[in-house]
Every structure is written in C-alpha cells, then in structure tokens.
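See structure below.
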C-alpha cells in the first residue's frame with residue numbers, strides 16, 4: 001500500500017514502492033472480456049487497491065477486474081510553484097497521473113489476460129469516484145476507457161485551483177520546515193505524512209484544464225455512458241466518527257451552533273426546514289442537512305451531476321438506501337443507516353462489519369448484476385433484475401434498497417429546491 005497514516009483502515013505505511021495493480025480474471029478462460037478498473041477511496045489520504053476482493057464481480061459478472069494503486073497525501077497531491085516549474089506542467093496531480101498510467105497499462109496489456117482493450121470501465125468510490133470525474137473531463141484520458149461508474153462523489157464539486165493548492169503547499173512546507181525542494185525530498189516520509197492535512201487534484205494543467213463541472217457544462221469531456229449515485233445517509237459516517245464515535249455526540253445547542261456557523265443569516269431557514277425534534281438525535285439532524293446541502297457527497301449535488309451531462313450521454317443514476325447495511329463502527333445511540341461507503345460490501349468481498357444476511361446478499365447480487373452488465377453493454381439492464389430507467393428527470397433515480405429496487409426522486413426527499421434557493 002502507498003504511504004499513509006492510519007484512517008478508517010488501521011494500517012500505516014511509509015512505502016514509496018507501491019505503484020502496482022492487481023488483475024483478477026474468471027477461472028474459465030475467455031477472450032475479450034470487459035475490463036473494470038477500480039480506483040479506491042480514502043480522501044486522497046488512505047486506502048489501498050489490495051483491500052478490495054473482486055470475487056463477486058468476477059464470478060457473477062464474467063468480467064476482469066483491475067485494482068490500481070496510486071500515490072496519496074503529499075506524495076500524490078503536493079503542489080508548489082517550484083514543482084510546477086521543474087515539471088513544465090501544473091504540479092499536484094501525481095496520484096492522478098498514476099491512475100492514468102494504470103489505464104494506459106490496461107490498454108496495452110488487456111488482450112494478454114483475456115480482456116478487451118476496447119471495453120474498459122473505470123469505477124471508483126469516494127475519492128476514487130472523484131478521480132473518475134477527473135478522467136471523464138481529462139483530455140489525457142481520452143480513449144483509455146469507454147464507460148464510467150462513480151459511487152459517492154459529485155462531479156458538481158470543484159477541486160483545487162492552482163492558488164488554493166499553492167497556499168496549501170506553502171502551509172505544508174512551513175509545517176515540515178522546508179523552504180526548497182531539496183529539503184522536502186530529504187525529509188522522512190513519516191514526517192511529511194504527519195505534516196500533511198489534505199489535498200485534491202489541481203486544475204490548470206494538462207491533466208485537468210478545467211474544473212469538472214465547468215468542463216461538463218461546456219461539453220468538453222469524454223463522452224461515454226455513465227452510471228453514478230450516492231447513499232441515502234452519506235454524512236452519517238462523518239458525524240458518527242467525528243462526534244458520536246469520539247464520545248461527544250452533537251447536542252441541541254451544538255446543532256444550532258453548527259448550523260449558524262455554516263449558514264450565517266440563512267441559518268434560521270435551515271433550522272426551520274430541519275427542526276431537531278424531527279430526528280432521532282441532534283447528530284442525525286446534523287448529518288441529514290449535511291447530506292442534503294450542496295457538497296461533494298450530497299444528494300443535491302449528485303442530482304446536479306446527472307443534469308450536467310444534459311442528455312448528451314446515457315446516464316443511469318442510483319441511490320443506495322439499505323439502512324441495515326453493515327457498519328464500520330459501533331456507536332451506541334447512533335444509527336449509521338446507509339452511510340458513506342456502506343455499499344462497498346455489496347459489490348466486493350467482505351470489507352468491514354457483520355457479514356451480509358440473506359436479504360442483503362440478494363441485494364448484493366442485484367447490484368453486482370447491474371454493475372457488470374453496465375460494463376458489458378453500457379446499460380445496467382438485463383435478465384433477472386428490475387428495470388433501471390435512463391436518467392431523464394429527477395424521478396429516474398434507481399433506489400437500491402433491501403425491500404425496494406425501483407425509481408425514486410431523491411431531489412424531493414432531500415429538499416433540493418430549498419437548497420437551490422437558499423441565499424447564504
């Protein structure tokens with residue numbers, strides 16, 4: 001695994017010899033199978049390609065799965081003017097360059113392991129889905145993939161500008177005690193990881209000339225079929241780990257203070273729309289508007305993502321809603337619901353929490369069929385699964401739930417009209 005400090009995963013690494021990928025094929029030899037290339041999540045800070053066991057996808061869906069490692073933290077996303085001058089290109093996209101290198105490798109070698117280099121699907125979750133957004137709008141990714149799947153990251157969200165990335169890079173350099181590149185390169189990796197706060201891909205270079213939503217709005221993107229979605233309770237993972245999991249659940253006064261800090265003069269409208277008494281706890285109330293209001297993971301920003309494609313390519317939108325899904329934590333009094341990343345156990349081998357029960361296994365089989373059929377054909381519909389409508393309106397989002405797999409309208413449930421009209 002690439003260099004990182006412990007996060008949701010407990011492992012730590014200072015390894016720079018990490019740029020590997022893993023290829024898994026069906027036991028029976030086939031020729032020219034679809035290739036699904038996976039980019040893991042972890043906030044561009046954590047995670048590893050080796051965490052993901054593709055047995056369900058490969059055996060049930062008759063596809064080849066490639067999981068790709070990429071540099072994280074400062075080794076993947078540090079941007080400074082001197083690094084930019086040295087490279088002759090915008091710095092800060094080293095992790096993204098690793099991902100593109102993985103795709104080029106797949107194109108060169110797919111036929112050797114039974115894959116079709118002309119039928120490659122990129123897919124990812126969280127930061128991995130953010131990376132897929134980048135691939136959709138990157139001129140350097142043109143021709144390297146033919147379909148795209150994103151799980152829980154909105155292409156409506158903007159990434160770092162050059163100015164923001166340089167400011168973050170300057171703060172990092174100050175914390176680590178370096179004024180030049182030679183000093184940075186001599187620092188132990190652990191020191192760099194400890195000094196790093198966060199980072200994202202940077203616009204303004206060859207990899208990402210435009211912000212993803214701007215590129216989509218202008219039609220300057222790789223026109224491929226898209227399958228995209230999020231989870232019903234995305235932000236409960238953040239609230240659970242940050243507050244309840246730390247023994248400090250959000251209180252009623254906290255809820256009002258957090259809301260006023262975020263929305264200022266508009267806070268009264270938010271508090272009226274999301275009254276704390278309507279929810280099981282102030283923590284759940286907070287997580288609810290966090291998951292609805294515009295943001296990387298939010299439902300309303302995902303709805304905007306689907307609209308940004310403007311019908312120019314096939315779009316299939318979903319929302320995962322199983323509130324009994326296995327959880328990454330155990331926080332008494334806090335129901336995690338269908339939180340961020342909780343759909344992963346339904347597509348991959350066991351990652352966290354309790355094993356899936358029979359009803360969840362049935363949903364898992366449906367989801368695997370959708371994902372792999374899309375990889376085969378660019379359309380998730382096939383035999384043995386409920387019809388999934390192509391996105392043409394907000395009512396065409398496929399609910400992936402324990403007792404219901406059918407269209408729904410998350411824009412209504414998440415008050416997207418309210419958020420679109422809110423003036424902060």
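Worth pointing out:
- Test: residue in region 324-334 that is surrounded by fewer than 19 Cβ atoms within 10 Å (Cβ to Cβ), on the phi > 0 side of the Ramachandran plot and part of a loop (DSSP other than H, G, I, E, B): yes
- Looking across region 376-398, just one residue is in contact with a helix residue (DSSP H, G or I) (Cβ under 7 Å, 6 or more places away or on another chain) and assigned to a helix (DSSP H, G or I), and that is 394.
- Qualifying residue in region 76-92 (condition: part of a loop (DSSP other than H, G, I, E, B), under 29 Å from residue 235 (Cα atoms), without any contact (Cβ under 8 Å) to a residue 40 or more places away in the chain and out of contact with any helix residue (DSSP H, G or I) (no Cβ under 8 Å at 6 or more places or on another chain)): no
- Within the set 285, 272, the sole residue that is surrounded by fewer than 21 Cβ atoms within 10 Å (Cβ to Cβ) and more than 13 Å from residue 155 (Cβ to Cβ) turns out to be 272.
- For residue 399: the one exception among (1) surrounded by 14 or more Cβ atoms within 10 Å (Cβ to Cβ); (2) closer than 30 Å to residue 247 by Cβ: (2)
- Restricting 34, 6 to residues that are over 20 Å from the mean Cα position of the chain (by Cα) and not in a helix (DSSP H, G or I) narrows the list to 34.
- Note on region 216-252: among residues that are part of a loop (DSSP other than H, G, I, E, B), touching a helix residue (DSSP H, G or I) at 6+ places or on another chain (Cβ under 9 Å) and free of Cβ contacts under 8 Å to residues at least 60 places away in the same chain, the one that is surrounded by the fewest Cβ atoms within 10 Å (Cβ to Cβ) is 248.
- A search for C-beta distances below 8 Å between a residue of region 412-423 that is without any contact (Cβ under 8 Å) to a residue 24 or more places away in the chain and any residue that is surrounded by fewer than 19 Cβ atoms within 10 Å (Cβ to Cβ) and in a helix (DSSP H, G or I), counting only pairs 6+ apart in sequence or on different chains, returns 412/394.
- No other residue among 79, 69, 48 is crowded, with 24+ Cβ neighbours inside 10 Å and closer than 19 Å to residue 198 by Cα apart from 79.
- Considering only residues in region 93-106 that are touching a residue at least 24 places away in the same chain (Cβ under 8 Å), outside any loop (DSSP other than H, G, I, E, B) and in contact with a helix residue (DSSP H, G or I) (Cβ under 8 Å, 6 or more places away or on another chain), the one that is surrounded by the fewest Cβ atoms within 10 Å (Cβ to Cβ) turns out to be 100.
- Sole exception among (1) in contact with a strand residue (DSSP E or B) (Cβ under 6 Å, 6 or more places away or on another chain); (2) surrounded by fewer than 17 Cβ atoms within 10 Å (Cβ to Cβ) for residue 118, by number: (1)
- Test for residue 156: is it buried (at least 17 other Cβ atoms within 10 Å of the Cβ) and more than 27 Å from residue 373 (Cα to Cα): no
None of the figures in this text is laboratory data; all of them are computed from the coordinates on show. In this text the structure is predicted, and so the values were computed from the model without any measurement. In this analysis, Cβ positions are derived from the backbone assuming ideal geometry, glycine residues included, and neighbour counts consider all displayed protein chains.
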